[in-house]
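Asks: Let me begin by handing over the structure; questions about it come next.
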Ligand code: PRP
Ligand code: URA
């Protein structure tokens, strides 16, 4: 099984195959929490907490290039200029529903981030994404945009979400997911070679229902307790 073929101790991220825009997390904390997520006996409450924590750990890596601005701070000793995140420059865009589970983990790090939403569901037969709701912070073109969805399976939903965001004017886009199938990575990376894709773990393949194997099942149902 090629489960950890990119894993190297001591590096925080690794490229996937020769896709320079695809970065796979290698941090042991992320790997550990993903294993807990996979477990079918992990209940809704713990599952939600883990999704938030993993999102936060991934964001730590993905937001290395967030813009900073110097602000004046008065320490007990003297005044100085000190850099802070220019939070107004960040928009996070969860793909409904499951992407919502990642939002709190990221707003805990950047509370001033604006939040947009892209509502998509997969047709159970064709697995094609269908759009039902989209609302982005305005204006969107000057912001760094982090699109969130725990699962990248066929890549249809992520590709459609990025298509929509680009059509709305979005330019600097990162996609953060927790588990990805090779099929979905290739589709998204080829359709949008200009975006950065951050992945918690690359799993083996899709099954006949386009579910990720071994995966974690239906992320939306597990986050919201709907099954
Ligand atoms: C899941 C998941 C992704 C999508 C991934 O959502 O959260 O959005 O499937 O599959 P894809 O890469 O093949 O498009 P789903 O459509 O089940 O909706 P939900 O989040 O409302 O449960
Ligand atoms: N969506 C999920 O929630 N899980 C999968 O394995 C594939 C798509």
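Asks: Within segment 124-144, take every residue that is outside any strand (DSSP E or B) and under 19 Å from residue 221 (Cβ atoms) and give me the one that is nearest to the chain's Cα centre (by Cα).
Replies: Going through the qualifying residues, I end up with 127.
Asks: Could you grab the pairs with beta carbons closer than 6 Å, sequence gap of 6+ or different chains, first residue in segment 203-227 and at pLDDT below 95, second one within 9 Å of ligand 1 (Cβ to nearest atom)?
Replies: 227/221
Asks: Given the criteria within 11 Å of ligand 1 (Cβ to nearest atom) and either within 20 Å of residue 65 (Cα to Cα) or crowded, with 16+ Cβ neighbours inside 10 Å (or both), does residue 116 qualify?
Replies: no
Asks: Looking for something within 13 Å of ligand 2 (Cβ to nearest atom), within 20 Å of residue 93 (Cβ to Cβ) and surrounded by 14 or more Cβ atoms within 10 Å (Cβ to Cβ) - is there at least one such residue anywhere in segment 189-207?
Replies: no
Asks: Of the conditions (1) more than 16 Å from the chain's Cα centre (by Cα); (2) part of a strand (DSSP E or B); (3) touching a residue at least 40 places away in the same chain (Cβ under 8 Å), residue 121 satisfies every one except a single condition; which number is it?
Replies: (3)
Asks: So is residue 184 crowded, with 24+ Cβ neighbours inside 10 Å, within 16 Å of ligand 1 (Cβ to nearest atom) and either modelled with pLDDT of 95 or more or under 16 Å from the mean Cα position of the chain (by Cα) (or both) or not?
Replies: Against the criterion (crowded, with 24+ Cβ neighbours inside 10 Å, within 16 Å of ligand 1 (Cβ to nearest atom) and either modelled with pLDDT of 95 or more or under 16 Å from the mean Cα position of the chain (by Cα) (or both)), residue 184 qualifies.
Asks: Restricting to segment 157-174, give me the number of residues that are within 12 Å of ligand 1 (Cβ to nearest atom) and surrounded by fewer than 21 Cβ atoms within 10 Å (Cβ to Cβ).
Replies: 2
Asks: Counting only residues that are modelled with pLDDT under 95 and not in a loop (DSSP other than H, G, I, E, B), which one in segment 64-113 is farthest from residue 177 (Cα to Cα)?
Replies: Looking at the filtered set, the residue picked out is 69.
The values are calculated or read from the model by the stated rules, or taken from the named source; none is laboratory data. Quick caveat, the model's predicted, so the values are computed rather than measured. In this analysis, Cβ positions are derived from the backbone assuming ideal geometry, glycine residues included, and neighbour counts consider all displayed protein chains.
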